[in-house]
1. I'm trying to understand the selection: among the residues of segment 1-20, which are buried (at least 16 other Cβ atoms within 10 Å of the Cβ) and over 12 Å from Leu52 (Cα atoms)?
2. So which residues in segment 62-77 are in contact (Cβ under 8 Å) with a residue 12 or more places away in the chain and of a type in the set (Gly, Ala, Ser), if there are any at all?
3. Going by what's in this entry, would Tyr57 be described as assigned to a helix (DSSP H, G or I), touching a helix residue (DSSP H, G or I) at 6+ places or on another chain (Cβ under 8 Å) and under 17 Å from Leu3 (Cβ atoms)?
4. Would you be able to say whether some residue in segment 1-23 is part of a loop (DSSP other than H, G, I, E, B) and under 13 Å from Gly68 (Cα atoms)?
5. If you go through segment 24-41 one residue at a time, how many are among the small types (Gly, Ala, Ser) and either under 16 Å from Val55 (Cβ atoms) or in a helix (DSSP H, G or I) (or both)?
6. For segment 31-89, how many residues meet the condition of being under 14 Å from Leu9 (Cβ atoms) and of a type in the set (D, E, K, R)?
7. Considering only residues of segment 21-57 that are hydrophobic (A, V, I, L, M, F, W, C) and touching a residue at least 40 places away in the same chain (Cβ under 8 Å), which is surrounded by the fewest Cβ atoms within 10 Å (Cβ to Cβ)?
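No lab work stands behind these numbers, since they all come straight from the coordinates. The shown structure was predicted, so the numbers you read here are calculated from the model rather than taken from an experiment. Every residue, glycine among them, receives a Cβ derived from its backbone with ideal geometry; neighbour counts consider all protein chains shown.
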Amino acid sequence: MPLIIAFLLGIANFAMQKAVSESGHPFVEDSKIHFGKYFGKNSSYYLEYAILVGVMYFAVGGSWLAVGIYLVYSAINALAAWVLLTGRV
């Protein structure tokens, strides 16, 4: 069960990241330009993937703590996506 929850949260995180990445928000565009020079244009996806793989590794062992931390991380991502996509910043 922890693995399934981690996987579904991962799908949600990638969907939020794609929506924010394609939003055209000035903060996001500036971040892409600045960090893209150093880490590549898809580096945020690589980092998100690495986090997901790590959580899924622990979830296979039945770690609810890792899934709980990832749930909090996902909630923070959802809040940040909502703020950026609704133009509150």
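1. Within segment 1-20, Pro2, Met16, Gln17, Val20 qualify.
2. Those that are in contact (Cβ under 8 Å) with a residue 12 or more places away in the chain and of a type in the set (Gly, Ala, Ser): Gly62, Ser63, Ala66, Ser74.
3. Against the criterion (assigned to a helix (DSSP H, G or I), touching a helix residue (DSSP H, G or I) at 6+ places or on another chain (Cβ under 8 Å) and under 17 Å from Leu3 (Cβ atoms)), Tyr57 does not qualify.
4. Yes, that holds for at least one residue.
5. Total meeting the criteria: 2.
6. Total satisfying the criteria: 1.
7. Out of the qualifying residues, it is Phe27.
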